[in-house]
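Notes to accompany the following structure.
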2 protein chains.
Amino acid sequence: MADTLYDLDDLSIGQRFASRTSVTVTEERIKSFAAEFDPQPFHLDHEAAKPTLFGGLAASGWHTAAMTMKLVTDGGIPIAGGIIGASGELAWPRPTRPGDVLRVEAEVLDITPSKSRPDRGMITMRIETKNQKDELVQSFTVKMPVPRKAAP
Amino acid sequence: MADTLYDLDDLSIGQRFASRTSVTVTEERIKSFAAEFDPQPFHLDHEAAKPTLFGGLAASGWHTAAMTMKLVTDGGIPIAGGIIGASGELAWPRPTRPGDVLRVEAEVLDITPSKSRPDRGMITMRIETKNQKDELVQSFTVKMPVPRKAAP
């Protein structure tokens with residue numbers, strides 16, 4: 001966990017965060033994740049993946065999303081109350097491949113205190129997942145509830 | 001797999017699909033998925049989850065998304081070429097709980113043949129994940145590339 005946990009009033013638009021760790025994507029976990037949750041040929045087998053849109057073995061987008069969440073919760077975005085997504089826009093502009101090393105960059109896009117609840121608000125963050133070539137493999141622009149200290 | 005695989009010209013706006021199977025969410029898998037990908041108290045422990053926004057143990061949204069994908073790939077949406085999401089809007093209006101039984105309903109919202117590539121197009125589908133009480137736990141409105149047979 002990070003040393004400092006931010007609440008709504010500690011955050012500012014344009015504030016940026018980055019993952020404190022990275023994750024190396026293994027072929028074994030790509031295949032086992034896919035076998036459980038997304039058993040399609042392009043996530044399971046090199047040869048079967050070649051003639052598909054992916055042109056080779058690629059991780060399920062949900063695997064990329066799950067690995068991203070691990071990077072975020074490892075102190076990447078130190079929000080008090082935890083990292084809870086309500087809704088968001090998700091895109092996978094490029095596949096995640098075996099051997100890729102993923103990291104996360106995030107930016108606060110919007111901050112909206114609740115009108116009815118003084119102890120919380122909603123922020124919008126753009127959470128970008130990049131590989132070792134700084135190529136974007138996932139973008140998630142997400143609304144997250146954030147606690148707010150009571151006014152003194 | 002489903003018996004019939006649809007290509008772009010087989011699909012129509014308003015066409016609906018449903019999962020052919022359901023999945024029962026176990027507490028064990030909620031916790032093990034979270035331990036690997038989303039290790040936050042509300043996904044790991046009943047007691048620790050009580051004072052949080054979730055009010056009790058809940059599955060990671062990415063676990064719900066992954067289980068949804070499994071329902072979709074088990075013949076739920078029989079698209080030729082596979083189920084590939086390019087981007088979409090994702091929302092989790094309600095938590096997934098231990099013991100929930102999830103199923104999927106999907107509807108074609110839009111169909112756009114490619115202007116540059118006669119052998120493909122893009123569709124927009126709304127994929128809804130519901131629990132045993134018919135409550136919506138996830139909505140994903142996603143753009144998916146779909147193959148198209150060459151014109152005769």
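Return yes when A:A58 is out of contact with any Leu (no Cβ under 7 Å at 6 or more places or on another chain) and crowded, with 20+ Cβ neighbours inside 10 Å and no when it is not.
yes
The set of residues in the stretch A:96-115 being closer than 15 Å to A:S60 by Cα and of a type in the set (S, T, N, Q) consists of A:T96 alone. Of the residues making up the stretch B:34-46, those that are surrounded by fewer than 22 Cβ atoms within 10 Å (Cβ to Cβ) and within 12 Å of another protein chain (Cβ to nearest Cβ) number 6. Screening B:A49 against (1) at the interface with another protein chain (Cβ under 7 Å from one of its Cβ atoms); (2) surrounded by 19 or more Cβ atoms within 10 Å (Cβ to Cβ); (3) small (G, A, S) leaves a single unmet condition, (1). Scanning the stretch B:6-29 turns up no residue that is surrounded by 13 or more Cβ atoms within 10 Å (Cβ to Cβ), more than 24 Å from B:I83 (Cβ to Cβ) and in contact with a His (Cβ under 7 Å, 6 or more places away or on another chain). Scanning the stretch A:123-139 for residues that are under 11 Å from the mean Cα position of the chain (by Cα), within 12 Å of another protein chain (Cβ to nearest Cβ), modelled with pLDDT of 95 or more and surrounded by 16 or more Cβ atoms within 10 Å (Cβ to Cβ) turns up at least one hit.
Flag: B:L53 does not match the condition of being within 26 Å of B:I127 (Cα to Cα), out of contact with any Phe, Trp or Tyr (no Cβ under 9 Å at 6 or more places or on another chain) and modelled with pLDDT under 95. When the residues of the stretch A:54-106 are filtered to those that are touching a residue at least 60 places away in the same chain (Cβ under 8 Å) and at positive phi, the one that is farthest from the other protein chains (Cβ to nearest Cβ) is A:G99.
Against the list (1) part of a loop (DSSP other than H, G, I, E, B); (2) of a type in the set (V, I, T); (3) under 14 Å from the mean Cα position of the chain (by Cα), the condition B:I13 fails is (3).
For every residue, the table says whether it meets (1) touching a Pro at 6+ places or on another chain (Cβ under 8 Å); (2) under 26 Å from A:F33 (Cβ atoms).
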residue: A:T96; (1), (2): no, yes
residue: A:D100; (1), (2): no, yes
residue: A:A106; (1), (2): no, yes
residue: A:T112; (1), (2): no, no
residue: A:M122; (1), (2): yes, no
residue: A:I127; (1), (2): no, yes
residue: A:K130; (1), (2): no, yes
residue: A:S139; (1), (2): yes, yes
residue: A:V142; (1), (2): no, yes
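The values are calculated or read from the model by the stated rules, or taken from the named source; none is laboratory data. Nothing here was measured: the structure is a model prediction, and the numbers come from that model. Counting neighbours? That spans all protein chains shown, and the Cβs are built from the backbone with ideal geometry, glycine included.
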